[in-house]
Amino acid sequence: METVSVREAYGRTLLELGMENPDIVVLDADLSRSTMTRFFARQFPERFFDCGIAEQNMVGVAAGLAASGKTPFASTFAVFVPGRCFDQVRMSIAQPQLNVKLVTSHGGISVGEDGTSHQSIEDLALIGSLPGFNVIVPADAIETVQAVKAAAESYGPFYIRLCRPKVAPVFGEDYRFKLGKAATMKQGGDATIIAIGLMVKEALEAAQNLEREGIYCRVLNMSTLKPIDEEAIIKAAAETGAIVTAEEHLEHGGLGSAVARVVSQNQPVPMVLVALKDTYAKSGKPAELLERYGLTAKDIEQGVRSAIKRK
Amino acid sequence: MSLPKKGNPPSISDSAKTLADNVSAEVFSLSASVAEMEAMAKKLRRHIITMIGKAGSGHPGGSLSSVEILTALYFKVMRHKPSDHQWADRDRFILSKGHAAPLLYATLAECGYLPVAELATLRQMDSRLQGHTDRTITPGVEMSAGALGQGLSFGLGAALAGRLNGQDYRVYVLLGDGECDEGQVWEAAMASTHFKIDSLVAIVDNNGQQIDGWNRDVMNLDPFPSKWRAFGWEVIEVDGHDLNQLIQAFGEAEKVKGQPTVIIAHTIKGKGVSFMENNPDFHGKAPNAIEVEIALKELE
């Protein structure tokens, strides 16, 4: 299947939004070639602010623009926002609930060869801890386009995390993203796999492989990590009795933690978290890294078997 | 898409009406005399002492040092409308040194954004007057501050929005000198020059002290004016307790084109209360009942 760049999908969508809405402004921190904000920059130079390698200031400028009625999109790598400027995101954007959209690329370890310093594995825990922040991790380019548009249309702070590699589409053109709603990718009654980002594709592959063993999994794409779709999680726990989460993030404070928070307080069932285990990753090819750190379809399959055993 | 509402501000307080007498209509651009402003400055200092004394905690030193700066801005220099704190064309005042919140609240109250009586609720449960500013609940407060170093970036963003919209409002950001230890201040200083923004004015309350002592001992900022010049700013130095000098400096800043201006206001921490002046103990300590009494006597 042909893979598509989620970053390019973001860049093109931003350009489209810029044509429709003159209040949209874009900021970057010297990474517009990677985050693809350059399309917007070329078309609307007066509405584009390259803040240089200074993310703290970029976040503050975005907040000031929002406080005076603009809709700023600010982009860089996920390690730098929120990692480099957590306090600025907290006090300048989250506390006042300003209308700033932080869209970052290079989330997770699929960044690859650049290694630890550029692999964002804590960003969802950081940003997810901030009251009132909307957090989205799209699974493919089609969902990216719609998530970016949804963020532009809804007032308030948003964080959208994109990955570096091109990804195979998991959605058709007819897909409709709904903020705060999980998308059921596959029905099944033996266990539920809840995934985000490029792990959604792995989850679908795992579900397909498990069918050969007579295990039928439900697969949920939980692209809105916050506010999370509690109803879908509780229903999945009640109807399938076991849950496996899959994400390109530490198991601390990411998707697995968020799902466990809902499950444990509403419908306790055995869970397995497929995620990075309290470690940093290293340089390598994306596929090699995902395999080394246990983030493949095979690992999800193993997780499902283990969770079902504990039912 | 709608902006969050902060609630309607109450009508202009009596004290502000006196000053507002010679002002036409709603726009609160005052032509107060220097004598009137001096009286107002004293009044604001009394509010600060009373408020912090009652709250039992707070930051008197850095509030007292900035009194004339806010007096000049709110009662002479800025174009603003207490009856409509979200007026799109208002000049913006951004308090980056958020611990001077009591001074900002007192000033806003005397302008009519808040009832003066509300000042007594500082730092109490459910008060609109939080220990550090919160833009979501206090009319007239532009920014949630307290985490130092963030205001100049915010002000730059507000100024860029005005330029994009073709609005002529000006943006004033008050920084502490100790606050300038923060790297973000210099990121914002560099960016403001890069974006050639001339509607932005930074004022540094240069009282020379921070929590652990004198700036020069804790983290030396010298040569301070040269640093700003090197970052491309027009620099004006004034006695930060001299209203005439401040007003003149704000006027000069308006004439500067193509670059931002910083007014380095030389001040005394704790100004106006003898035992608080240049005393770092009163950076973040409330006066006790006896101290309040002595301070208010000095400010009669």
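So the values come out like this:
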item	result
Averaged over B:84-95, number of beta-carbon atoms from partner chains that fall within 10 Å	1
Longest to shortest principal axis, alpha-carbon extents of chain A, angstrom	59, 38, 37
Distance in nm between pseudo-label sites at A:I234 and B:S57 (7 Å out along the Cβ direction from Cα)	3.8
Subset of B:K76/B:K297; A:K166/A:K226; B:K227/B:K297; B:K196/B:K285; B:K54/B:K269; A:K226/A:K285 violating a 32 Å alpha-carbon distance limit	B:K227/B:K297; B:K196/B:K285
Sparse-neighbourhood loop sites, trypsin sites (Lys or Arg not before Pro) in the stretch B:39-127 - DSSP loop, at most 16 other Cβ within 10 angstrom	B:R79
Binned Cα-Cα distances of the stretch A:46-155, short to long, each 5 Å bin given as a whole percent	2, 12, 22, 25, 22, 13, 4, 1, 0
Size descriptor, Kirkwood hydrodynamic radius, that averages inverse alpha-carbon separations across the stretch A:230-311, Å	13.3
Shape box of the stretch A:93-168 [Cα atoms, principal axes, largest first, Å]	37, 26, 13
Whole-angstrom gap from the stretch B:233-297 to the stretch B:130-161, using each part's C-alpha centre	19
Area projected by the alpha carbon convex hull of the stretch B:35-298, averaged over all directions, nm²	12.7
Peptides ranked, highest mean first, by Cβ atoms within 10 Å: ranges A:211-221, B:190-200	B:190-200, A:211-221
Helix A:230-240 vs. chain A, principal-axis angle (Cα, 0 to 90°, nearest 10)	20
Cα pair distances in the protein assembly as shown, grouped into 20 Å bins until the bin that holds the longest one, percent each	20, 45, 27, 8, 0
0 to 90° range, to nearest 10: angle between helix A:297-309 axis and chain A longest Cα axis	50
Cβ neighbours within 10 Å from other chains - mean over A:47-59	5
Average beta carbon contacts from partner chains per residue of B:140-152, 10 Å cutoff	5
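Quick note: the coordinates plus some simple rules give every number you see, no bench work behind them. As the structure is a computational prediction, the values presented were derived from the model and not from experiment. Methodologically, a virtual Cβ is constructed for each residue, glycine included, from the backbone with ideal geometry; neighbour enumeration extends over all protein chains shown.
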